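The values are calculated or read from the model by the stated rules, or taken from the named source; none is laboratory data. Computed from a predicted structure; not experimentally measured. Cβ: placed from backbone, ideal geometry, glycine included. Neighbour counts: every protein chain shown. Protein only, heavy atoms only, side chains kept; ligands, DNA and RNA dropped before computing areas. Shrake-Rupley method; radii C 1.70, N 1.55, O 1.52, S 1.80 Å.
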Amino acid sequence: MAEPGTHKSVSDHEKEIVDSTEEIKISTEITLEKSIEECQTAVDKFFNNHFMEAKDLMRPYANVSMYHSLGHSVFLFLEALLTFDPETIETANAALRQSVLVSGSCRRKTTLTESVGNLVKGTQYDLYTDKEAHAELCHAESMQLRSVLTFIQDESLTSLVRAGIDIRSCFNSYKDCQQILLKKSWQSEGNKIHFESGVRVGIGVFNLMISLFPAKIIKLLEWIGFSGNREYGLKELNIGCKVEGIRQILAVMATLGYNLIVLYVLGHAEGDTKQCKEILQKQLAKHPESVWFLFFQGRLELILGNLEASQEFYKKSLESQSVWPQFHHMCYWELFWIHCIKFEWKNALIYVNKLCEHSNWSKSCYYYQKAAVLMMMQDELNSSESEEIDKLLKDVARYKQKIGGQSLPMEQFSIKRAERYFNQDKSLMLPILELMLVWNLFKVLKKPNIANNFLKVIEKSIAFLKSSSKHSTYDNDNKAILLLMRGTCLTYMGSPLQGMECLEEVISMKEHLVEDHYVIPYAIFELALIDWKNGKKEKAISALEDVKKNYTGYFLEARLHFRIQSALTEFKK
């Protein structure tokens, strides 16, 4: 790999991927300033739901202007992520290959003499022109997006290796960009501001992403030259949110996504809701009908436990546009869970039916979720609806898929639960609440009126299990699941001592479980969080380290490892 700052315009690796060696000629009519100005107009249109107008503005010069090419490919990339449609993904990939070529042809080219000088004196970042600096940044961003699509599109080992090379290449480009920002004298202050906003976003997202990975993966990444620091990543994104550059809105989106989604799915800590509230207030004033910011406002209200307000913002997001129906699926997903949290099963069915019919993400998970809701309504079902549960659960395994060569962990979990249903006399223990637990939705139980309803249902099931004359191979597993739910529920309700009793009882059942071994590490994790809050810091860290080393092969293991890494990062800092 070339030393930083000594890049060729397009590497042999890039030429191979784009299957083209044709030289790209950049139009002299499109200046850097003009292309950034048009790209900013497209961004504004895009976040005001004028998606086709934004794409149309970028398309004409996508083969000659680095910013038009990048903007065009970003819009197609987002569409590909929302649809998971192979044809849409290939179209986005083609656009990103073109973006790599266009930006690559504008990157700084060094002579042999300069390369030798760089080895002695170090890279002369102050020699970059404004255009070359922006080309380096656009190239890094294109490579980053393309590597994501590679993982999604192709499960072959060759493609995964190529994606890894792309990530490594763009990581080095971002580091070069950081040095350019520090050392270069700019011809235009505006060009510098737009460049800085991109560097802050890129460096911030990279650091956050890497800091989230489990420790084993982080050690491997550090060995090959990557490093990630959560605090540094957040600091860079916060600066990016304040720099009035073209990529400021990406810093805003990354900050909202991290605080309102990533931390709640993969982390253990609370997001910065105060910062999110301030950002959304400002962005909704600028983009009042934006499908994106209405969605994030709905997510913020959900996290705060304001279920009615959350529901209204998701519905506004749904109604704000119809060009991208795929975006509706995200709102259907959230509305489904809101109705489940409120125990409004018929309304939950409306949205899970929409997902089953229209979304390509995971039919397997959706069918299981629909069956789980119907099981919560068992007393109200007629015979045909009861038969539908059986049919849905038989189809769960039939619709499993692989992404990046791997089965989705939630699909594996759903398939195992479907098998358990038939092995356990066609019954499961509060399946929809169990899904809420593993999706980390118990965090919304801080409002007493929500939590009390959960606790009543859990305790009713515990009482039923104790009094039942029917016995099953899975009796201990069922009891352990209910106790894990009860303990977690009580903890979030503000009764940690009662919660601890339930969680400790779960752990004591370790040797008596048949299948649901996941409840033990999950219970230890919840206990460690209680110990930390009670000042038993060494005990909490020791418990989390113990889970990492001594528990393996259980349901949703990777999901828990992400949360453990998040907790240990905070506890040890």
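Which of the residues that make up the stretch 428-460 are open to solvent by less than 20 Å² (accessible area, probe 1.4 Å) and of a type in the set (S, T, N, Q)?
Asn440
Within the stretch 373-403, track down each residue that is in a helix (DSSP H, G or I), within 30 Å of Ala80 (Cα to Cα), open to solvent by 20 Å² or more (accessible area, probe 1.4 Å) and of a type in the set (A, V, I, L, M, F, W, C).
Scanning the stretch 373-403 gives a single hit, Ala397.
Any idea which residue in the stretch 313-372 is farthest from Asn453 (Cα to Cα), counting only those that are over 19 Å from the mean Cα position of the chain (by Cα) and in a loop (DSSP other than H, G, I, E, B)?
That would be Val323.
For the stretch 459-471, indicate whether the set of residues that are in a loop (DSSP other than H, G, I, E, B), more than 18 Å from Ala523 (Cβ to Cβ) and touching a residue at least 40 places away in the same chain (Cβ under 8 Å) is non-empty.
yes
Of everything in the stretch 544-573 that's under 20 Å from the mean Cα position of the chain (by Cα) and of a type in the set (Val, Ile, Thr), which residue is farthest from Val265 (Cα to Cα)?
Thr569
In the stretch 490-523, which residue that is in contact (Cβ under 8 Å) with a residue 24 or more places away in the chain and β-branched (Val, Ile, Thr) is surrounded by the fewest Cβ atoms within 10 Å (Cβ to Cβ)?
Val514
Just a yes or no: is a residue in the stretch 499-512 over 18 Å from Leu437 (Cα atoms), over 30 Å from the mean Cα position of the chain (by Cα), assigned to a helix (DSSP H, G or I) and of a type in the set (Ser, Thr, Tyr)?
Yes, the stretch 499-512 has at least one match.
Which of (1) part of a helix (DSSP H, G or I); (2) open to solvent by less than 50 Å² (accessible area, probe 1.4 Å); (3) more than 30 Å from Ser542 (Cα to Cα) is the odd one out, the single condition Phe413 does not satisfy?
All conditions are met except number (3).
Take the residues of the stretch 137-193 that are among the charged types (D, E, K, R) and open to solvent by less than 30 Å² (accessible area, probe 1.4 Å): which is modelled with the lowest pLDDT?
Asp166
Scanning the stretch 59-76 for residues that are open to solvent by 20 Å² or more (accessible area, probe 1.4 Å) and either of a type in the set (Asp, Glu) or in contact (Cβ under 8 Å) with a residue 24 or more places away in the chain (or both), which turns out farthest from Ser35 (Cα to Cα)?
Looking at residues that are open to solvent by 20 Å² or more (accessible area, probe 1.4 Å) and either of a type in the set (Asp, Glu) or in contact (Cβ under 8 Å) with a residue 24 or more places away in the chain (or both), I get Val74.
Consider only pairs whose beta carbons are under 9 Å apart and that are at least six residues apart or on different chains; among these, list those whose first residue lies in the stretch 307-327 and is in contact (Cβ under 8 Å) with a residue 40 or more places away in the chain and whose second residue is aromatic (Phe, Trp, Tyr) and assigned to a helix (DSSP H, G or I).
Going by the 9 Å Cβ cut-off, the qualifying pairs are Gln321/Phe51; Gln321/Phe327; Val323/Phe51; Trp324/Phe51; Phe327/Trp292; Phe327/Phe295.
Taking the options Leu237, Leu208, name whichever one is touching a Ser or Thr at 6+ places or on another chain (Cβ under 7 Å) and assigned to a helix (DSSP H, G or I).
Leu237
In the stretch 446-458, what count of residues is obtained for those that are part of a helix (DSSP H, G or I) and touching a residue at least 60 places away in the same chain (Cβ under 8 Å)? Break it down into steps so the answer makes sense when it comes.
Of all residues in the stretch 446-458, those part of a helix (DSSP H, G or I) come to 446, 448-458.
Next cut, touching a residue at least 60 places away in the same chain (Cβ under 8 Å) only: 446, 450, 453, 457.
Residues meeting the conditions: 4.
Would you check which residues across the stretch 543-568 are in contact with a Leu (Cβ under 9 Å, 6 or more places away or on another chain), assigned to a helix (DSSP H, G or I) and either touching a residue at least 24 places away in the same chain (Cβ under 8 Å) or farther than 18 Å from Leu527 by Cβ (or both) and list them?
Leu544, Val547, Lys548, Arg559, Phe562, Arg563, Ile564, Gln565, Ser566, Ala567, Leu568
So Lys426 ticks every box in (1) in a helix (DSSP H, G or I); (2) on the phi > 0 side of the Ramachandran plot but one. Which box is left unticked?
(1)
Could you figure out which of (1) open to solvent by 40 Å² or more (accessible area, probe 1.4 Å); (2) farther than 29 Å from Ser35 by Cβ; (3) of a type in the set (D, E, K, R); (4) assigned to a helix (DSSP H, G or I) isn't true of Glu270?
Every listed condition holds for Glu270 apart from (4).
Per-residue answers, yes or no, for (1) modelled with pLDDT under 95; (2) touching a Phe, Trp or Tyr at 6+ places or on another chain (Cβ under 6 Å):
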position	(1), (2)
Ser386	yes, no
Leu392	no, yes
Ile432	no, no
Phe464	yes, no
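Check Arg420 against each of (1) more than 17 Å from Met485 (Cβ to Cβ); (2) surrounded by 15 or more Cβ atoms within 10 Å (Cβ to Cβ); (3) touching a residue at least 60 places away in the same chain (Cβ under 8 Å) and name the one condition it does not meet.
It is condition (1) that Arg420 fails.
Quick one: would you say Glu244 is open to solvent by 10 Å² or more (accessible area, probe 1.4 Å), of a type in the set (Asp, Glu) and in a helix (DSSP H, G or I)?
Working: open to solvent by 10 Å² or more (accessible area, probe 1.4 Å): yes; of a type in the set (Asp, Glu): yes; in a helix (DSSP H, G or I): no.
Criteria not met by Glu244.
Restricted to the stretch 536-573, and to residues that are open to solvent by 50 Å² or more (accessible area, probe 1.4 Å) and small (Gly, Ala, Ser), which residue is modelled with the lowest pLDDT?
Within the stretch 536-573, the match that is modelled with the lowest pLDDT is Ala558.
In the stretch 303-347, how many are closer than 27 Å to Ala80 by Cα and open to solvent by less than 50 Å² (accessible area, probe 1.4 Å)?
Count: 21.
So that you can scan it fast, the table gives a plain yes or no per residue for (1) more than 20 Å from the chain's Cα centre (by Cα); (2) open to solvent by 40 Å² or more (accessible area, probe 1.4 Å); (3) closer than 21 Å to Leu208 by Cα:
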{"site": "Leu234", "(1), (2), (3)": "no, no, yes"}
{"site": "Leu256", "(1), (2), (3)": "no, no, yes"}
{"site": "His287", "(1), (2), (3)": "yes, no, no"}
{"site": "Phe295", "(1), (2), (3)": "no, no, no"}
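What do you reckon, is Leu280 free of Cβ contacts under 8 Å to residues at least 60 places away in the same chain, within 23 Å of Asn48 (Cα to Cα), of a type outside the set (Gly, Ala, Ser) and in contact with a helix residue (DSSP H, G or I) (Cβ under 7 Å, 6 or more places away or on another chain)?
Numbers: free of Cβ contacts under 8 Å to residues at least 60 places away in the same chain: yes; within 23 Å of Asn48 (Cα to Cα): yes; of a type outside the set (Gly, Ala, Ser): yes; in contact with a helix residue (DSSP H, G or I) (Cβ under 7 Å, 6 or more places away or on another chain): yes.
It is true that Leu280 is free of Cβ contacts under 8 Å to residues at least 60 places away in the same chain, within 23 Å of Asn48 (Cα to Cα), of a type outside the set (Gly, Ala, Ser) and in contact with a helix residue (DSSP H, G or I) (Cβ under 7 Å, 6 or more places away or on another chain).
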